[in-house]
Structures are given as C-alpha cells and as structure tokens.
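Here is the structure we will look at, set down as structure tokens.
The values are calculated or read from the model by the stated rules, or taken from the named source; none is laboratory data. Only a predicted model underlies this, so the values are computations on that prediction, with no experimental measurement involved. Positions of Cβ are backbone-derived with ideal geometry, glycine not excepted, and every protein chain shown enters the neighbour counts. Note: accessible area is taken over every heavy atom of the protein model, side chains too, but ligands, DNA and RNA are not part of it. Shrake-Rupley method; radii C 1.70, N 1.55, O 1.52, S 1.80 Å.
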Amino acid sequence: MKVKSAVLREMGAVTPYAESQPIKIETLELDSPGPGEVLVQIKAASLCHSDLSVINGSRPRPMPMALGHEAAGIVMEIGEGVLDLEVGDYVACVFVPSCGQCGPCREGRPALCEPGAVSNTAGTLLGGERRLHAGDEDVNHHVGVSAFSEYVVVSRNSVVKFSKDIPFEKAALFGCAVITGVGAVVNTAGVKLGSTVAIVGLGGIGLSALLGALAAGASRVVAVDINEHKLKQAKELGATDVFDSRDQDVVAKIREATGGGLDFAFETAGAAPAMEVAYGITKRGGTTVTTGLPHPEAQFSFPYVTLTAEERTLKGSYLGSCVPSRDIPRYMNLFQEDRLPVDKLISDFITLDEINEGFDKLASGDSSRVIIKF
Ligand SMILES: [Zn+2]
Ligand SMILES: [Zn+2]
C-alpha cells in the first residue's frame, strides 16, 4: 500500500529546520506484514530527542531513514503467527523490540535484547526486513518503528496493547518518554518512599522521571536545566526546588541546599556537563543514573576515588530497564488515576507536514512534547 511518511535522507542539517527542511514527506510503498509482524494505522506520534539526534547527526544511523518511534495506533492487519493481538486493538509502539529468546530477554531484561539492538542499529525490523520502499530503494526504519507515517508495519514485539479509553495522543508518550523516565526511577534506581532525587535535564524523559519520582514518594525532587521555561514547568509539576545549571556554582549551591547532595541524581540530557552536575550533586553513598544518549565519542570524567571512598553507584538505564508489556499497563493505570499526569508534557499539536517546524520547537527547549495527530 502507499503511505505518506517522514523521511530523512541526510544528517547534520543546519537549524532552523523550517528553512533547511531536512525531513521530506514522501509517498512510500509499505509491504504487508510478514510473519510475526502487524500493520498499524498510526493515530498520534510524538517528536522525541532521539529523532532529533539522528537529524543533527549526533546519533548516526543508516540513511535514508523513516523517522519516529513514540506513537500509538490501531492494529489493521495481523501477520502469520501473531496469536495475541486482533484487528482493532489499540497499541503503543516501543523503541526496543525484544525477541524473548536471547540471553538478556531470558534474564527478564528485554531492554537489552541482542537481536533488538542489532536490528535497531541496522535500520530494520526485528526480523531483519525493511518494509518501506521508495521505488527500488529500501528505506530504513527508525528503531524498528518509523512512526511518522500514516501506517507502519512493525514486529509484534515492538507494540504493547492498551485500553481503548486512553486517547492516542496520550498513549503515544508511554512507549518512549514515560517508560524511559519513570522506569529509570523505579526500576533502574529503585527510588523509595522518602528518597531525595535530582533530575538534570528536563526534556520529555526528565519530566517523566520527575513525575515518576513524585509518584514513588520521593520527599524532595530537585529539577535542574538550562532553560527557564523548563524550570518553571518542573515547579508546576511538583519539583520542590529548581536550579539553573548555567550558574557556574550550581553543584555547590545544590549540595548546600540539600545538606550534601541527594540519594539519587538522574541525568537525561546526554551531555557530559549535565552528567558532571548529576554526579556532583549525588550524596555520599548515593546513586547517579544516566538515560542520556550522547555522541558515541563523548567522554565523561569524575573523581575516581569517590566511587570507593563514598560508596557511590553509577548506573546506565536503557528503556528505563523496563519490561514494556508489564510496565506500560502499570504506568497507564497510574496515569488514569491521576497519579502520573504525563499528559501535562504535551505542549503542541501539529500535522505531519509541519514536522520540520515541530523539531525546531523541540530543539529550542521550549516544548516538551510535540504531537503529530493523523
Ligand atoms: Zn524517544
Ligand atoms: Zn532478546
């Protein structure tokens, strides 16, 4: 079938994207779902910093690529062997497909699925196929999804079914920002009732982590960013303290304000200066967690001796260490009970044709989540 899809053919365009127009809306040929795959009509898709990292080249991927991964839609056709979904089911897309068979999957860590990592890096679906074509040319999938398209074919293991009473534009957030941010707090770090927490970097993942920390019962949640609008938003969402990290003395000021730092600090920006702040404001015996996706060559340094002498822990968190089929329904239940109001992250709605302008909004830092409605 023919579908309209947002395609990136070259990384590293200059901003503003409204002028350089790195993403073109192309009419592509979409194959029918193969074994273990489903056809999904996308109803809402959200713009994420990991799309932006491909556009600006900080996370290099094979070109051309149909972008997008944070989305929700309706199952329209079922491939051979898919027994647990039906036509008409509502599904949210997840950016790591898990095979269920490899070492990490067997250990209950599907975020680290080995075939999933291979297919995501190669730009294919989990089964190794590319289902989008521009004439004779195959188009790569972004993290097994390519959600900025009217329809997508994805692995069954790239989607999680959800309740039909959640609107698509809200459900879309759960497969990336929410599971990554909330999962980092509750799964990777294990924040407990009364813990003190800092969030460094207040994009969609950072603000989701902030809401996760509040839902988990953190007694103090310190929010840190370079953007005043984001700091104001964090305060409105329930942050107890906010700090501008453009201040040279921000680490000393937060340590002073918190009596020596926090139990947990989360870095979500994928930038070494943010990581240095997060490590600097973690207290003795505390844990620093990063969900950031920096450039492959980026380095981060810290005082080595503190790991031992202060019994520090430094952890990475991918996909919030989540089991998507377990955690997305849990977080959606909390959302429906108003205990995880992630819809407050949504700042703008656009059409597919306005996607370049949408990425300018995201890149400016003034928008948390920009949603394409189909
Ligand atoms: Zn994402
Ligand atoms: Zn696996």
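Screening segment 1-34 for residues that are open to solvent by 50 Å² or more (accessible area, probe 1.4 Å) and of a type in the set (S, T, N, Q) and picking the one that is nearest to ASP136 (Cα to Cα) gives THR27.
In segment 108-120, the residues that are among the acidic types (Asp, Glu) form Cβ pairs under 6 Å with partners that are open to solvent by 10 Å² or more (accessible area, probe 1.4 Å) and not in a helix (DSSP H, G or I), at six or more places apart or across chains, as follows: GLU114/CYS102. Return the residue satisfying two criteria in turn: it lies in segment 35-56 and is part of a loop (DSSP other than H, G, I, E, B) and open to solvent by 20 Å² or more (accessible area, probe 1.4 Å), and of such residues it is farthest from ligand 1 (Cβ to nearest atom). Only one residue tops the list, namely PRO35.
So the check is Cβ under 8 Å with 6+ separation or different chains; which pairs have a first residue in segment 178-194 that's open to solvent by less than 10 Å² (accessible area, probe 1.4 Å) and within 16 Å of ligand 2 (Cβ to nearest atom) and a second one that's outside any helix (DSSP H, G or I) and of a type outside the set (Asp, Glu)? Qualifying pairs under 8 Å: none. Would you check if ARG312 is free of Cβ contacts under 8 Å to residues at least 60 places away in the same chain and open to solvent by 60 Å² or more (accessible area, probe 1.4 Å)? For ARG312, the condition - free of Cβ contacts under 8 Å to residues at least 60 places away in the same chain and open to solvent by 60 Å² or more (accessible area, probe 1.4 Å) - is not met. When we screen LEU85, LEU52, LEU67 for residues that are assigned by TED's automatic domain parsing to the domain that holds ILE23 and farther than 26 Å from GLY204 by Cα, the only hit is LEU85.
Taking the condition surrounded by fewer than 24 Cβ atoms within 10 Å (Cβ to Cβ) and either under 19 Å from the mean Cα position of the chain (by Cα) or within 16 Å of ligand 2 (Cβ to nearest atom) (or both), does ALA147 pass? So ALA147 does not fit the description; no.
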